[in-house]
Structure formats: structure tokens, C-alpha cells
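A.B. asks: Sharing a structure, written as C-alpha cells. Questions coming.
The values are calculated or read from the model by the stated rules, or taken from the named source; none is laboratory data. Not measured: the values here are computed from a predicted model. Cβ atoms come from the backbone with ideal geometry, glycine included; neighbour counts cover every protein chain shown. Side chains are part of the model used for accessible areas, which takes the heavy atoms of the whole protein and leaves out ligands, DNA and RNA. Shrake-Rupley method; radii C 1.70, N 1.55, O 1.52, S 1.80 Å.
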Amino acid sequence: MTDIRGRFAPSPSGEMHLGNAWTALLAWLQVRSRGGAVVLRIEDLDPDRSRPEYAAQILRDLAWLGLDWDEGPDSGGPCGPYRQDERRGLYAAALDCLIARGLVYPCWCTRAEIRAAASAPHPGEDEGAYPGTCRPGNGRVAPPGRRPALRLAVPDETIAFTDGVHGRVAHNLAHACGDFVVRRADGVHAYQLAVVVDDAAMGITHVLRGDDLLASTPRQLYLYRLLGLTPPAFAHVPLLLSPDGHRLAKRQRGLSLAALRARGVVATAITGFLAHRANLIPVPEPVRPRDLLAAFSLAKLPTEPVVVRDEDFA
Ligand code: GLU
């Protein structure tokens, strides 16, 4: 055994689809191929989007795929609880540390106000950097009756790290995102804060997740630093895309695991397909995850998005 610890961190906001299976398989292989432990944490922070029945189905789907875990909401473990909903006290304590150091300020901006005030983002970008409207000293007066979000003030500093798939990645916090939300106006702690608190508290040494979170990592590294925590090694794998270039979102039900199963696709066919797209096997033949342990290497993984067609499972 080694001290390597990785995790699955699914959000139970929909059915598990092929893209989730891709990330889970690769995260499992990265850790298990080195004799490490796998933690399953349900990221159900957002009460509006999370459903316990989706969480239960995700556990069943992961097991159906042949992926196992050492600690999780079903089996328990020394770092529990393993549902974010039950860990809010830890996020509040971390936030208190940041507040006590004067690093956090209230922000009353609505999304529309931020969009209007921020310099126009480049096409395809989600949002520009937060323009600092509510930063102390900018003269913002609290609008009556509106509850504030809490934002962390970030320095004009470039945070660099070595990604296991992409190599060196560097983002300037002030330019890339600006001061970011650590607690929403409705009182829910932000993903960025919760994921750092949890990965550190659970002793996670290796995080493998989708490219959609690459831009979050510098923010998270900054939080690790402020909270005096040791960050894990990060690897961001390309997303699976439909032929029209969209992410295999949860709403594209044809490629949910439940839909594939209903079409008679067996779990080993799914892992074989994914392993082939990950360049771990030469042809997409049925395999179990544990048959791939010897073949796994981060260096083999593609760096560009992977296109999946419905006919791939005809
Ligand atoms: N809960 C996130 C998701 O399902 C993953 C977070 C992470 O891996 O850091 O997209």
C-alpha cells in the first residue's frame, strides 16, 4: 500500500452519463494503479440542484461499472461524513478564518450587474473577471433588503502549477476571475471553498477531474495557501463532447448510463470504449476496470476533447 488517496466527487444533480464515467474511471485507475485508496464524496452542497435519489443511483452506477471505493457515504470511514451537506460546519470554520484576516467582503451584485460592469468577456468565455464593484473602498452602499454573497479578495498574482495532463498551467487570479464568491447570498458555501476544505480534510493526494475545472484550480491553490493546507497533485482530463461540440451534459439522456444499460450495453463495453478513447487499449473491446491497471498512464491520455457519437454504442 501507498499513501496515495484519490476521490470521486460527483454532484447528484442528474443521472450519471458517459462523461462522468470517463472521469471516474480515469480517477480510479490513477489511484488504484499505484495501490492507493479511493474516497467517494457526494457534492450535494447546492440544495436546489441535488437529489438524494441521484446520489443513490450514482453509487449503483459506479459499482456497476466495476469501480470500488474504500471510504464513502455507504461504507463510512475515518474522514466522514462523506456528503457535503453534512460538512457545512467545516466550511463555516474555514470561512471564519478568512473573515478574521480581513480577506473576505460582502457583495450585493446580481449576475446582471456584474455582466454589465465587467469588461466584455471574449466569445465563448463564461464570465469576465469580477470588476470589484463591492470591494471595500469602492463606495458601494448596501442595497436595502438584499442579502450579500461573500467574496474573497484576490491579489494581482499569477498562480502556476504542473498539471498531470497539460503540463504547466498559469493563471493570473485578478485577470482570470477576480475576487470570487466563497459563500453565496443564500448562505450556501461555494464549491471552490468546500472542495479545498474537503480534499485537505480527507487527505486527498491526487485529484483527477474534467477540464471544465482547470480554470478553478488556481483559485483553489490560493485557498490552500491562505488556509495553510497542502494541495494535492492535479490532473485535468479532456471532456467528452457530442459531435456538435457540446458537452455530454446530463440532459443528453441517450448517453446516460441508465439509457445505455437499457439499450443492452454492458458495463465492460463502456469501460472498453472509454479505455480505447483514453489510449489505454488499441481496440474498443470489453474490459473491466481492473484489467486496465497495468496499462494506465497519465502520459497516454489525450489532451484534446474526445467526440462521442450515438453510433459508438449501436
Ligand atoms: N462535483 C464536481 C462535479 O461533479 C466535481 C468537483 C471536483 O472534482 O473537484 O463536477
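A.B. asks: Among the candidates 40, 67, single out the residue that is touching an Asp or Glu at 6+ places or on another chain (Cβ under 8 Å), within 16 Å of the ligand (Cβ to nearest atom) and either farther than 30 Å from residue 104 by Cβ or open to solvent by less than 30 Å² (accessible area, probe 1.4 Å) (or both).
C.D. replies: Just a single option satisfies the conditions, and that option is 40.
A.B. asks: Are any residues in region 298-314 open to solvent by 30 Å² or more (accessible area, probe 1.4 Å), part of a helix (DSSP H, G or I) and hydrophobic (A, V, I, L, M, F, W, C), and if so, which ones? Step through it out loud before you land on a result.
C.D. replies: Taking region 298-314 and keeping what is open to solvent by 30 Å² or more (accessible area, probe 1.4 Å), we get 298-300, 303-305, 307, 309-312, 314.
Then drop every residue that is not part of a helix (DSSP H, G or I), which leaves 298-300, 310-312.
Of everything in region 298-314, those that are open to solvent by 30 Å² or more (accessible area, probe 1.4 Å), part of a helix (DSSP H, G or I) and hydrophobic (A, V, I, L, M, F, W, C) turn out to be 298, 299.
A.B. asks: Oh, and also: Tally time: how many residues in region 196-231 are over 18 Å from residue 45 (Cβ atoms) and either of a type in the set (D, E, K, R) or in contact with an Asp or Glu (Cβ under 6 Å, 6 or more places away or on another chain) (or both)?
C.D. replies: 2
A.B. asks: Answer yes or no as to whether residue 51 is charged (D, E, K, R), away from the ligand (no atom under 13 Å from the Cβ) and within 23 Å of residue 190 (Cα to Cα).
C.D. replies: Working: charged (D, E, K, R): yes; away from the ligand (no atom under 13 Å from the Cβ): yes; within 23 Å of residue 190 (Cα to Cα): yes.
Criteria met by residue 51.
A.B. asks: Out of 3, 46, which single residue is more than 9 Å from the ligand (Cβ to nearest atom), under 15 Å from the mean Cα position of the chain (by Cα) and open to solvent by 20 Å² or more (accessible area, probe 1.4 Å)?
C.D. replies: 46
A.B. asks: Take residue 207 and decide whether it is touching a Phe, Trp or Tyr at 6+ places or on another chain (Cβ under 6 Å) and open to solvent by less than 20 Å² (accessible area, probe 1.4 Å). Before the answer, list the steps.
C.D. replies: Numbers: touching a Phe, Trp or Tyr at 6+ places or on another chain (Cβ under 6 Å): yes; open to solvent by less than 20 Å² (accessible area, probe 1.4 Å): yes.
So residue 207 passes the test.
A.B. asks: With the requirement that a residue be open to solvent by 20 Å² or more (accessible area, probe 1.4 Å), more than 15 Å from residue 46 (Cβ to Cβ), assigned to a helix (DSSP H, G or I) and touching a helix residue (DSSP H, G or I) at 6+ places or on another chain (Cβ under 9 Å), what does region 156-195 give you?
C.D. replies: Correct list: 176 only.
A.B. asks: Residue by residue through region 196-224, note down the ones that are in a strand (DSSP E or B) and either within 11 Å of the ligand (Cβ to nearest atom) or free of Cβ contacts under 8 Å to residues at least 24 places away in the same chain (or both).
C.D. replies: Listed by number, the residues that qualify are 207, 208, 209, 210.
A.B. asks: Across region 250-297, which residue is surrounded by the most Cβ atoms within 10 Å (Cβ to Cβ) among those that are under 23 Å from the mean Cα position of the chain (by Cα) and among the hydroxyl-bearing types (Ser, Thr, Tyr)?
C.D. replies: 271
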